[in-house]
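The block underneath contains the structure these notes are about, expressed in structure tokens.
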Amino acid sequence: MKHLAQPASGSSTWQRLSPGFAAVLVPGGLHWQGDWLQLAAAVALFALLALALGKTVQVKARKQAQVEEELRRAKEELELRVAERTEELHRANEQLKQELAVRERAEEELRQGRNMLAQIIDTIPQFVFWKDKNSVYEGCNIVFARAAGLERPEEIRGKGDYDLPWLREESDAYRADDRVVMDSGTAKYHIIEQQLQAHGERYWVDTTKVPLCDESGAVVGVLGVYDNITERKGIEEARDRALAMLESLLASSPTGILVYEGESGACVKANQAVANMVGASIEQMLAQNFRQIPSWEAMGIRQLAEQVLADGQTRSMEASGASTFGAPLEYECFVSRFDVEGKHHLMFIAVDMSERKQLEQEKRLIEAQMLHVQKLESLGVLAGGIAHDFNNILMVVLGNADLALLRVPPDSPACENLVQIEQAASRAADLARQMLAYSGKGNFVIEKLNLNRVVQDMGPMLEVSISKKAQLRYDFAPDLPAISGDATQLRQVILNLVINASEAMGEGTGVISIGTKAMECDRAYLSESWIDDRLPEGCYVVLEVSDTGCGIDREVIPKIFDPFFTTKFTGRGLGMAAVLGIVRAHKGAIKVYSEKGKGSNFRLLLPCIAGAADRPDPPVQQALWRGSGTVLLADDEESIRALGSDMLKALGFSVKLACDGREAVEIFKKGMDDIVCVLLDLTMPNLDGEQAFGILRALKPDVKVIMSSGYNEQEVSLKFAGGGLSGFIQKPYKMMEMSRKLSEVLGGDGHG
């Protein structure tokens, strides 16, 4: 077999076989050689198989031995691990037993702690509660449960603030605080608020709320604890009220108050009055020491203070001079001693004498003003009475002239005389109206006026009324508010002021300025005017008339509104007194500014009204209206009765006359069915017009009554407001005015 095992280098498989084996494998070889070769091949194959099998068995045996060795080692390792694990389990079991024992002890301690905490929470006087994140209660102590009207704390679970007896606004506040604490994650301390208890009483409570967190730190609710501080709150409020009252007294006291420590001399209290008095601030006063104040040393106040500290007797003195801060002082001081916690303190009270003197001066000015007002009132009454009687006389003159003009031919020479009589009487009537205006009882035709338009309409008249050397200047405010007044009366005021301004310039040149504006006037500003009738604060239209003339002496200004006072040689009359009366009747005021040699300024204040100014319609010439029926005329003046009778007859009426109110009532009783209208004078003996009117209305509620008077319609209308008066006619009146008034009263009743 060696030749098989050692083949020649580089030979093929066939070269490695023996020649006999090759013959067996090679067809066509010798027979014997073929058999031998087959046999050799078989033997070789067998040998190879045996060899392979042996190798396989040998490998298996080795593997078997190896596996067995590995199994043995694994078994030993497993046994070792089991032993180790068993030991570990034993140790773990022992440790678990120890931990269980510790846990049991901890749980026992926890149970004891919880019981202790529950007892503490339920026995403390504070109110304790806790809520979840939705502000739903999860628990509380007994005190809180009772406040909420619950028998046991367990009943609180699942309830909200709105389920408890708190007020709605209280519950809103509680939930808002919960939200703040939980959203911010921080506690909120000392929430002072009120809480309605189940028994109906309201407590003041001091609450603290803290966030409740889980193991991860997330906020899951809120814990609240509060005290009932109602009693403490009451004490604090009483103390605060007392302190506030003391502070208020000090702050509002018109007298200066200072408090010093007796030993150190330091200022510990000062009010605003004393600070104002010496021209300093409160802080500057508190920084002072009374032993180091130069003015106190100079005025002798320090020596007085030391005496008071020594013997405790209150002393006073008057002092004058300058304060440390430079303010002039004139005051009376009171110095007293009092003790605080056993320490002497010095109280200094100062009364400003300058203010008292100022008040005395103001009092004298007010008394002088009151005397001036009383003088104006008495003169007004006198002027009103004279004007009333004067109107009755003018009534006869004007009325007869008017009737005469109707009766004489138009081409008669007497017509010119009658017209002159009528014109003279009209001028006299103007004077009477001035007197009535001065007394505040003028005949006003009240309209909504634009003062700019009133002045502008007077432009041509003003130009010809002033000196040729004077120049008029206008300064009108745009969009001027309307006023309520009589345009004729106001024109008289303006003309009077402008003429006075022109005459104040004499022969020299100068400027007269007329301006308007609107301004808000307070009480202080209005009180400084020449008419202080306690006019209300508010918006006023201002008319200013100023000049560059000679001015008025200061001592003369108070006299310029006196009747018949003048600084001129001619033209004595009512003048500025009439101006004063007209403005007063318009609920206005006058302010005068003047200096000798520097001109004058007159400022009229008239109250504004709402709405736009009226635009007057052009006058329409009317024919006399005539009627029919009987008119009862009552007047205590015989001449007026005769004149009135003639006028009424000329207008187509029959007339019954009465000399006073009592006779008028008697006549009316006898013929009330025939009397279509009653013309009553307001001022009559026995029964006056007002009294007679009341009786006539009682006899016949629908009686037509026209009241006649020399006073203005507004004053008369106030007496009969809502009383059913049919009309009013002011003396002196003419035929046209009587015709127009009768037409208004009777025109719709079939008497025309």
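Need one word for region 464-521: rounded, prolate or oblate. Basis is the Cα gyration tensor (sqrt eigenvalues a ≥ b ≥ c); a/c below 1.5 gives rounded, then a/b vs b/c decides.
Judged from the Cα gyration tensor, region 464-521 comes out prolate (a/c at least 1.5, a/b above b/c).
Compactness of region 181-256 was expressed as the Cα radius of gyration divided by 2.2 N^0.38 Å, which yields 1.71. Would you please classify the overall shape of region 160-205 from the alpha carbon gyration tensor, given that a ≥ b ≥ c denote the square roots of the eigenvalues, rounded means a/c under 1.5, and beyond that prolate means a/b larger than b/c while oblate covers the rest? Note, shape of region 160-205 comes out oblate.
Cβ under 11 Å from Val67's Cβ, Val67 left aside: what net charge do those residues give with Lys, Arg +1 and Asp, Glu -1?
That sum, taken over residues with Cβ under 11 Å, equals +2.
Please work out how much accessible surface Ser248 shows to a 1.4 Å probe, ignoring ligands, DNA and RNA, in Å² rounded to 10. The value for Ser248 is about 60 Å². Give the residues of region 37-51 whose amide nitrogen is closer than 20 Å to a point set 7 Å from the Cα of Lys63 in the direction of its Cβ. Within reach of a label on Lys63, which here means backbone N under 20 Å from a point 7 Å along Cα→Cβ, region 37-51 contributes 49-51.
Can you work out the FRET efficiency for the pair Glu263 and Thr230, with r the C-beta to C-beta distance and R0 = 41 Å, to the nearest 0.05? Write down the numbers at each step before the final one.
Values: r = 41 Å, r/R0 = 1.00.
Working from the Cβ atoms, E equals 0.50.
Counting Lys and Arg as +1 and Asp and Glu as -1 over every other residue whose Cβ lies under 10 Å from the Cβ of Tyr226, the net charge comes to -2. Relative to the current alpha-carbon distance between Lys596 and Arg152, full extension at 0.36 nm per residue lengthens the span by 150.3 nm.
Rounded to the nearest 0.05, the FRET efficiency derived from the C-beta distance between Glu507 and Glu367 at R0 = 41 Å is 0.50. Average accessible surface for region 647-699: 44 Å² per residue, computed with a 1.4 Å probe over protein heavy atoms with every protein chain in place.
Anisotropy class assigned to region 234-356 is oblate, per the alpha carbon gyration tensor with a/c at or over the 1.5 cut-off and a/b no larger than b/c. Kirkwood hydrodynamic radius, computed over distinct alpha-carbon pairs, for region 171-313: how many Å, to one decimal? With all distinct Cα pairs of region 171-313 included, I get 20.2 Å.
Summary of the geometry: region 190-255 and region 32-70, compared by the centres of their Cα atoms, lie 110 Å apart. Going through the cross-link list Lys159/Lys233; Lys133/Lys209; Lys517/Lys591; Lys670/Lys700, which pairs have a Cα-Cα distance over 19 Å in this structure? Those over the limit are Lys159/Lys233. Among residues other than Arg111 with Cβ under 15 Å from its Cβ, the summed charge is -1 (Lys and Arg +1, Asp and Glu -1).
Summary of packing: across the peptides 165-178, 644-657, the per-residue average of other C-beta atoms within 10 Å ranks them, highest first, as 644-657, 165-178. Here region 142-160 is scanned for amide nitrogen atoms under 14 Å from the site 7 Å beyond the Cα of Thr123 along Cα-to-Cβ, giving 142.
The values are calculated or read from the model by the stated rules, or taken from the named source; none is laboratory data. Note that this is a predicted model, so its numbers are computed, not measured. Glycine gets a Cβ as well: all are built from the backbone with ideal geometry, and neighbour counts include every protein chain shown. Side chains are part of the model used for accessible areas, which takes the heavy atoms of the whole protein and leaves out ligands, DNA and RNA. Shrake-Rupley method; radii C 1.70, N 1.55, O 1.52, S 1.80 Å.
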